[in-house]
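Asker: Please find one structure pasted underneath; my questions will follow.
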Amino acid sequence: MNILDSAKEKISSGGRLNFDEIFALYQDNDLLYLAEAARRVKESKSGKKIFYTINRHINLTNVCSANCPLCAFQCRSGDNRAFTLELADLEKILLDAAQIKNLSEIHIVSSLHPTKDFNYYLDAVKLVKKILPNVGINAFTPVEIVNFAKISGKSFSGVLSELIQAGVTSLAGGGAEILSDRVREIICPKKATASEWLEVMRTAHKLGLKTNASIMYGHIETLEERIEHLLKLRDLQDETGGFVAMMLFPFHPENTELGRKFNLRRVGAWEDLKMLALARLVLDNFAHFKAFWVMLTLPIAQLALSFGADDLDGTIGEEKIIHAAGAKSSAGITRQKLEKIISECGYQPVERDSFYKEIF
Amino acid sequence: MFVRGELEKIEQKVLRGKRLSREDGKFLFACNELTWLGALADYVRKKICGNLVYYNVNCHVNLTNICKSRCKFCAFGRDAQDRGSYAMTLDDAINLVEEASRDPHLSGLHIVSGLHPTWTFENYLAFVEVLHEKFPLLHIKGFTGVEIQHFSKISGLSVEEILIRLKAAGLEAIAGGGAEILTDRVRNLLCPKKATADEWLNVAKTAHKLGIKTNASMLYGHIETFAERVEHLIKLRDLQDETGGFQTFICFPFLPKNTALEKEIKQTSMWDDLRTMAISRLMLDNFKNIKAYWVMLTVPVAQVALSFGANDIDGTIHREKILHDAGATSPRALAEDEIIKIIREAGRTPAAVDCNFNIRRIIQ
């Protein structure tokens, strides 16, 4: 039996794919085979349900000491795009968010501010908790956690414990990019290494803090590196079970140094859907896959629901990071529109909280 | 694959090369099994047209947007005194094509225009003559069944005579637009002043008899029912059985922006677009080519459509006007290397063709 046949055999019997099989499935490029198989996996886990949440994204600052070539969001202080929310600014945003009916989650992701100390972030979380005591706080990527440890002199575990104490209920899944030091040296040399990213996740999971996971593809990584990345996530999930949802981020090259330097173009919808379906098949121990419509655009996110995704993320409010890199999607969406998109595919829209608990 | 019941029966029919019925078509529109539909359409595509994806390096020439038909779904047509109305002179058209000809790969022109209230047939004919004379190497595809019918009406000549004269002037193929939905119920509501369903079909039939190839299309996502979409496809399939003169079929999702229907009708979803593409591939078993028209579908959807039965992605276009008036968000032109990248990412081989699908270059 050749490798592709053994991969397909495993897919129909529910076996676990190995590196060579994943490689062969990718090269085979049979998009609709992957879609059908991924959709079956999705339906075996969550049936006809498609989740979404009412959430609000908040970016505390875009001033950053990491200045990753992959990023169009960050800038240096003094730049005319620079902003940093002080607690009073944040309070206004939160009071505004408190008006949103059924708000389930505040999502906070920011750059690595060169002078703000760890207390600034802790205070931000405490303020969210004070104003919105019943809302989940999905905050900070492992990249930020590594930074907090560095600027505070505390251990990962120390930083995470304090954040939990302050009110963080789950960690964001970003900053994983490609978990290979070769790649990170080129696309984000100054931020958390691959092993640091994984170690923060492991520590968080041990402390009972759930997290998401992600991959950012379509820049200078090789196919082998994408597959290695997925396998690293699968291994850690076997160990801890702490990942809730997986997200796939196609790299948006517009306005980035990386894009300019390597003359990169955004990969096509084909690649997006293929990677989604393939990742769903590889990560057999992940319950949820998000079709993050901000990155994919709504039409492709809708289609992603038949390529293995079971979650459209949320209403978002005001997305800044990806729009800085030229995302063409709108910055927010209504619940009615999300529900319509889901129903149109013959699926059942289910509003969820931060932990995929259904809201009735 | 993974389906049961009625769907499995349909799947068996397709795998055995049997023709799908009207009832099968309606069933498929109701089924919501999108990736199953896509995989089945992809199977048929592989069997009928293999691994090549056709595109052409072309230039759209829209001679005028002044139109006396003023169909409800159109954002391009205007009255002569309206702002933004225009009518090209022969020199305007020559200049446009001259500019597009700076691309050494330019192989064809696509000429589609409004039904100008005072232009005669000779006015339109003159554009073909002069463009053919100035640019003898460019293949000219032009005029929809609606325009040909209009020429017949304003000149008193038969459709056949019109076609003979256009062919003599240098026209090599007829465009596929204007079919909309080929039922009189829909046409009476949306476009009562232009060619009827029978007239449109008659132009295609007459052209085929004269050895002129034509394209076919369907404009969906407005007021038509799924049953009418199926009816439309079957009418095209029947005529193709008779003449074999259709080259490619194009699915046009209706773009409501800036049209009279803007308030009542929402734009179709990608879900519907891909479903309709796949079902068209399955129903039109006697058509060789199915086009994913990126201007309407957007580039990402057109790319994905290559696995939902499409084997033709249209062309570089060079300044699309008609659909951009209706809020199309795609670019107005695509560079050839962008088209090649899109096709290659889908694992297929790009082949540049002329308007009669003669292969000019295969990009290995």
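Asker: When you look at the Cβ of every residue in A:265-272, what mean number of other chain Cβ atoms sits within 10 Å?
Answerer: Going residue by residue through A:265-272 and averaging, the value is 6.
Asker: Tell me which residues come under 5 Å, amide H to amide H, from A:Ala291 once H is placed; ignore anything under 5 positions away on its chain.
Answerer: A:Asp310, A:Asp311, A:Leu312, A:Asp313
Asker: Which shape class, rounded, prolate or oblate, goes with region A:1-66 when its Cα gyration tensor gives a ≥ b ≥ c as root eigenvalues, a/c under 1.5 marks rounded, and past that a/b bigger than b/c marks prolate?
Answerer: Values: a/c = 3.43, a/b = 1.71, b/c = 2.01.
Because a/c hits 1.5 or more and a/b fails to exceed b/c, region A:1-66 counts as oblate.
Asker: Compute the separation of the alpha-carbon centres of region B:1-44 and region B:181-247 and state it in Å as a whole number.
Answerer: Region B:1-44 and region B:181-247 have Cα centres separated by 23 Å.
Asker: For a test of the definition: using alpha carbon positions, the gyration tensor, and the 1.5 limit on a/c, classify the protein assembly as shown as rounded, prolate or oblate. Let's see the in-between values first.
Answerer: Working: a/c = 2.14, a/b = 1.83, b/c = 1.17.
Cα axes put the protein assembly as shown in the prolate bin.
Asker: To check you understand DSSP bridge types, tell me what percent of the beta bridges within the protein assembly as shown (both residues inside) are antiparallel, rounded to 5.
Answerer: 10 percent
Asker: Right, another one. Using only the Cα atoms of region B:120-253, what are the Rg and Dmax in Å?
Answerer: 14.9, 46
Asker: Out of the DSSP beta bridges found with both residues in region B:1-142, what percent are antiparallel (nearest 5)?
Answerer: 10 percent
Asker: Per residue of region B:124-134, in order, report the coupling 6.51 cos²θ - 1.76 cosθ + 1.60 (Karplus, θ = phi - 60°) as ³J(HN,Hα) in whole Hz, putting x for Gly and Pro.
Answerer: My calculation for region B:124-134 gives 5, 4, 4, 4, 5, 4, 6, 5, 5, 6, 6 Hz in order.
Asker: Also: Can you list the residues, at least 5 places off or on another chain, whose amide H is less than 5 Å from the amide H of A:Ser354, using H built in the peptide plane?
Answerer: A:Gly136
Asker: Taking every alpha carbon pair in region A:3-351, what does the distance histogram look like in 20 angstrom bins from 0, in percent?
Answerer: 31, 61, 8
Asker: Under the Karplus relation 6.51 cos²θ - 1.76 cosθ + 1.60, θ = phi - 60°, what is the ordered set of whole-Hz ³J(HN,Hα) values for region B:339-351, x standing for Gly and Pro?
Answerer: 3J(HN,Hα) across region B:339-351, in whole Hz: 4, 5, 4, 4, 5, 5, 4, 7, x, 10, 10, x, 9.
Asker: A follow-up question, please. Where both partners of a DSSP beta bridge lie in chain A, what percent of those bridges are antiparallel, to the nearest 5?
Answerer: 5 percent
Asker: Hey, which of these cross-link pairs are over 29 Å Cα-Cα: B:Lys18/B:Lys153; B:Lys68/B:Lys213; A:Lys337/B:Lys72; A:Lys154/A:Lys274; B:Lys9/B:Lys141?
Answerer: The answer is B:Lys18/B:Lys153; A:Lys154/A:Lys274; B:Lys9/B:Lys141.
Asker: Moving on. Averaged over A:97-103, how many beta carbons belonging to a partner chain fall within 10 Å of each residue's beta carbon?
Answerer: Neighbouring Cβ atoms belonging to other protein chains average 0 per residue here.
Asker: Pairs of Cα atoms under 8 Å, at least six residues apart: use those to get the relative contact order of chain B, whole percent.
Answerer: Values: 695 pairs, mean separation 83.1, N = 364.
For chain B, the relative contact order is 23 percent.
Asker: I would also like to ask the following. Averaged over B:28-40, how many beta carbons belonging to a partner chain fall within 10 Å of each residue's beta carbon?
Answerer: Working: counts 0, 0, 1, 1, 5, 4, 11, 15, 5, 2, 6, 6, 1.
Partner-chain Cβ atoms within 10 Å, mean over residues of B:28-40: 4.
Asker: Counting other beta carbons within 10 Å of each residue's own, what order do A:Ile58, B:Ile339 fall into, fewest first? Before the final figure, lay out each step's value.
Answerer: On the way: A:Ile58 21, B:Ile339 25.
Ordered from fewest to most neighbouring Cβ atoms within 10 Å, A:Ile58, B:Ile339 come out as A:Ile58, B:Ile339.
Asker: What is the distance in Å between the Cα centres of region B:331-364 and region A:200-267?
Answerer: Distance between centres, Cα-based: 33 Å.
Asker: Next question. Cut-off 10 angstrom, C-alpha nodes, Gaussian network model of chain A. Which of A:Ile220, A:Ile50, A:Ile106 fluctuates the most?
Answerer: Between A:Ile220, A:Ile50, A:Ile106, it is A:Ile220 that shows the largest mean-square fluctuation.
Asker: Report the relative contact order of chain A, percent, no decimals, based on alpha-carbon pairs under 8 angstrom and at least 6 residues apart.
Answerer: Numbers: 680 pairs, mean separation 85.1, N = 360.
After rounding, I find 24 percent.
Asker: For chain A, modelled as a Gaussian network with Cα springs under 10 Å, which listed residue fluctuates most, A:Asn263, A:Asn80, A:Asn147?
Answerer: Maximum among the listed residues: A:Asn80.
Asker: Listed highest first by mean packing, meaning other Cβ atoms within 10 Å per residue, what order do A:69-78, B:275-284, A:27-36 come in?
Answerer: B:275-284, A:27-36, A:69-78
Asker: Taking springs between alpha-carbon atoms closer than 10 angstrom, which of B:Gly145, B:Gly245, B:Gly327 fluctuates most in the Gaussian network model of chain B?
Answerer: Ranking B:Gly145, B:Gly245, B:Gly327 by mean-square fluctuation puts B:Gly327 first.
Asker: By the gyration tensor of its Cα atoms, with a ≥ b ≥ c the square roots of the eigenvalues, what is the shape of region A:64-160: rounded for a/c under 1.5, prolate for a/b over b/c, or oblate?
Answerer: oblate
Asker: Of the trypsin sites (Lys or Arg not before Pro) in region B:184-228, which ones lie in a loop per DSSP and count no more than 13 other C-beta atoms within 10 Å?
Answerer: When the trypsin sites (Lys or Arg not before Pro) of region B:184-228 are filtered for loop state and at most 13 Cβ neighbours within 10 Å, B:Lys193 remain.
Every number in this text was worked out from the coordinates using simple rules, so none of it is lab data. Computed from a predicted structure; not experimentally measured. As a convention, Cβ positions derive from the backbone with ideal geometry for all residues, glycine included, and neighbour counts pool all protein chains shown.
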